[in-house]
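*Asks:* Dumping the structure here so I can ask a few things about it.
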Amino acid sequence: MTRATKPMSLTVNDRQVGPVAVPEGLMMQDFLHEYLNLTGARMGCGQGICHACTVVVEEEDGTLAEMRTCIVGAHWFEGRRVRTIEGIAERDTDGAVTDLSPVQQAFIEHFSFQCGYCTPGFVIGATVLLDRLQREPVSREDLEEVITEALDKHICRCTGYIRYLEAVRDVALKTPGLVTS
Amino acid sequence: MKKRFVVFYTAGVVLIFMFAAAVAVFFGAFQSSVVGSEVEEPLLPDERKALAERGAYVATAADCYACHTAPGGAPWAGGLPIETPFGIIYATNISPDKEHGIGEWTRAEFHRAMRDGVGKHGAPLYPAMPYVSYRKMTPEDVDAVYAYLMSREPMPVADKTNELTFPFNMRRLLRFWNLLNLPGDTFQARDDRSEQWNRGHYVVDALGHCGECHTPRNVMMGMKESAYLQGAVLEGMEAPDVTREGLLRMGFDAPSLAHFMQRGVSAQGGMTGDMFEVVHFSTQYMRQEDLDAMAAYLFDVDDIAAAEEPPPQPEPVEVSAEIAASARGTYLNLCSGCHGASGEGIPHVAVPMTTNITLRLEDPRNFLQTVLHGIPELDFPGVERMQPMPDFADKLDDQELADLATWMRARWGGQGSDVSPSDVENLRREAHD
Ligand code: FES
Ligand code: FES
């Protein structure tokens, strides 16, 4: 199969990108790393298993979805709005981080990670989960199970996962409207 | 006037006879048994002991465990729900527990269950238990399975009550079914064929009960013998044609088929769904000579070594530029990361598409179902495994998926018929019914 290039445009972290000529079949992760110098979406397995490479897709209806970038071609994101780990925290006009997102803050407070390789994926996964809980709140007794189910696919080689779970649970409980009593 | 009376009279008598016959069938008057009286004699403890080991193999080849042990349940204690168009039937406890299992079953009762489809107290079994196939088992093999099961740990687990709708909850009606669908004869070896072919026939029909899924069912839900092993749709998936023609079309020769049954993965793809379970619980443990025999029989050759060459790769078929453009983009974006830009796959991660069976089937159903619903991670025999395949139901619309199917089937499966968006829509709807 010959690899021609094709122009593509998309929005990454609220910034319009393209049109830029991108080889067909280039995976999104390579595009982020090589073309945009956004290296936060980590290459773990490259096979769609570990979820270290995920990004948020902001759907047209405003909902968020999680996509693996190692197994999804860059051109799939044509015309879409994407948020990478670099675009999760608040930044000032110079690009310096001013405020971490509640999920990021909680991961730090809970010492959720050690080497941190999996962390971008967990931040993305938890961010998408919290967005869903805003629309579909869950009961307190189901909360742990819902978190586990949502983040289960993320692999971490260092920790026992429990601190990730506790951090996400804390954010969910502290944010009004996510958990019904 | 008189003539009319005679007509009425005759009709009345015929009706009464028919009714009487029906009542007789209902109460079991015409049950045909293939179980001989010699099994009334119980097996001696020593005989049982001697038979049990062989029984373990026979039970494995007959794949008893897959149904009679629920996932996560106690071994041989039953409980697996089997979905039928008439409701749910639960597999029963066949551990030797005296209260809940078959601990009190005599040798003869066990034979009658296996080969006549009749329970301990004479009530017919539901044909979800493949007694139509097991009927062909030799009495020696049935004895061996009996001896093996009786040597297992008793599991005090009560059977679940079937959830069947009226009138299918009336077991006695099965006597009518048996009359029409339970063959009167037993397994007959053919003198004009080799020992390997005959053994293969026995493994396929009696033990492996392949026809229970691969032979289509008639209106009565009996196996349609005229379409023996020609493929059928079960729970939304096609159990493909495994006759010689069907196997050749999928790209097998006899040795590669034997290998596939043992390993569950080959150039033709990976076993999934129900067939993965068959490999997992049964065929991976089959002896090489039984795998060879099965392949020789299915390819209808007397000696597996004499089997024909595998068929050549089908020629790609042209598809319209519009379909190709849409499908190629989808393939590169969503499939190529694992299956390779040229469909070559990644070893131990994702199977190649170039030689995949699913693309060569006439019906696109299995391909569409797989893309819509994905495949869980599967641990194949040995150290082989394949990564889970994501589901794409909400990533592809009907048109995109139809185009992808048309293009991949044409390119690698040699299938020229276009898949339409309504095919996809129908399958999506099926999943919700
Ligand atoms: S790198 Fe993408 S899932 Fe592991
Ligand atoms: S913190 Fe090291 S992999 Fe998760």
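The values are calculated or read from the model by the stated rules, or taken from the named source; none is laboratory data. If you're wondering where the values come from, they're calculated on a predicted model, not measured in any experiment. Cβ: placed from backbone, ideal geometry, glycine included. Neighbour counts: every protein chain shown. Protein only, heavy atoms only, side chains kept; ligands, DNA and RNA dropped before computing areas. Shrake-Rupley method; radii C 1.70, N 1.55, O 1.52, S 1.80 Å.
*Asks:* Inside segment A:1-36, can you point out the residues that are among the hydroxyl-bearing types (Ser, Thr, Tyr) and either without any contact (Cβ under 8 Å) to a residue 60 or more places away in the chain or within 11 Å of ligand 1 (Cβ to nearest atom) (or both)? Outline the logic, then answer.
*Replies:* In the first step, residues of segment A:1-36 are kept if they are among the hydroxyl-bearing types (Ser, Thr, Tyr); the result is A:2, A:5, A:9, A:11, A:35.
Across segment A:1-36, the qualifying residues are A:Thr2, A:Thr5, A:Tyr35.
*Asks:* Considering only residues that are more than 14 Å from ligand 2 (Cβ to nearest atom), farther than 21 Å from B:Tyr331 by Cα and either touching a helix residue (DSSP H, G or I) at 6+ places or on another chain (Cβ under 7 Å) or more than 14 Å from every other protein chain (Cβ to nearest Cβ) (or both), which ones fall in segment A:48-64?
*Replies:* Hits for segment A:48-64 are A:Val56, A:Glu58, A:Gly62, A:Thr63, A:Leu64.
Results for (1) open to solvent by 40 Å² or more (accessible area, probe 1.4 Å); (2) in the same structural domain as A:Leu26 (by TED's automatic domain parsing), shown as yes or no for each residue.
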site: A:Ala65; (1), (2): no, yes
site: A:Arg81; (1), (2): yes, yes
site: A:Leu100; (1), (2): yes, no
site: A:Val103; (1), (2): no, no
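*Asks:* Sort through A:Thr63, A:Thr39, A:Thr54 and tell me the only one that's touching a residue at least 12 places away in the same chain (Cβ under 8 Å), hydroxyl-bearing (Ser, Thr, Tyr) and within 16 Å of ligand 1 (Cβ to nearest atom).
*Replies:* A:Thr54
*Asks:* Would you check if A:Thr69 is modelled with pLDDT of 95 or more, away from ligand 2 (no atom under 16 Å from the Cβ) and under 17 Å from A:His154 (Cβ atoms)?
*Replies:* When the stated conditions are applied, A:Thr69 passes them.
*Asks:* Something else: Restricting attention to helices (runs of 4 or more DSSP H) lying wholly within segment A:100-155, give those where 3 or more residues are within 16 Å of ligand 1 (Cβ to nearest atom) and closer than 19 Å to A:Arg83 by Cβ. Show your work before the answer.
*Replies:* Values: elements: A:102-109, A:119-135, A:143-151.
Per the criteria, A:119-135.
*Asks:* Looking only at residues that are touching a residue at least 60 places away in the same chain (Cβ under 8 Å) and open to solvent by less than 30 Å² (accessible area, probe 1.4 Å) in segment B:320-334, which one is farthest from the other protein chains (Cβ to nearest Cβ)?
*Replies:* B:Ile323
*Asks:* Given the conditions (1) part of a helix (DSSP H, G or I); (2) more than 13 Å from every other protein chain (Cβ to nearest Cβ), which single one is not true for B:Pro352?
*Replies:* For B:Pro352, the failing item is (1).
*Asks:* If you take the residues of segment B:335-348 that are under 30 Å from the mean Cα position of the chain (by Cα) and among the small types (Gly, Ala, Ser), which of them is farthest from the other protein chains (Cβ to nearest Cβ)?
*Replies:* Across segment B:335-348, the extreme among qualifying residues is B:Gly345.
*Asks:* Here's a follow-up. Residue check, A:Cys45 against (1) more than 14 Å from chain B (Cβ to nearest Cβ); (2) out of contact with any Cys (no Cβ under 6 Å at 6 or more places or on another chain), all met but one. Which one?
*Replies:* All conditions are met except number (1).
*Asks:* Further question: Hey, does segment A:153-167 have a residue that's within 13 Å of ligand 2 (Cβ to nearest atom), at positive phi, more than 14 Å from chain B (Cβ to nearest Cβ) and open to solvent by 60 Å² or more (accessible area, probe 1.4 Å)?
*Replies:* Yes, because at least one residue in segment A:153-167 is within 13 Å of ligand 2 (Cβ to nearest atom), at positive phi, more than 14 Å from chain B (Cβ to nearest Cβ) and open to solvent by 60 Å² or more (accessible area, probe 1.4 Å).
*Asks:* Does A:Ile85 satisfy the condition of being under 18 Å from A:Tyr35 (Cα atoms), within 16 Å of ligand 2 (Cβ to nearest atom) and of a type in the set (A, V, I, L, M, F, W, C)?
*Replies:* Values: under 18 Å from A:Tyr35 (Cα atoms): yes; within 16 Å of ligand 2 (Cβ to nearest atom): yes; of a type in the set (A, V, I, L, M, F, W, C): yes.
Here the answer is yes, as A:Ile85 does meet what is asked.
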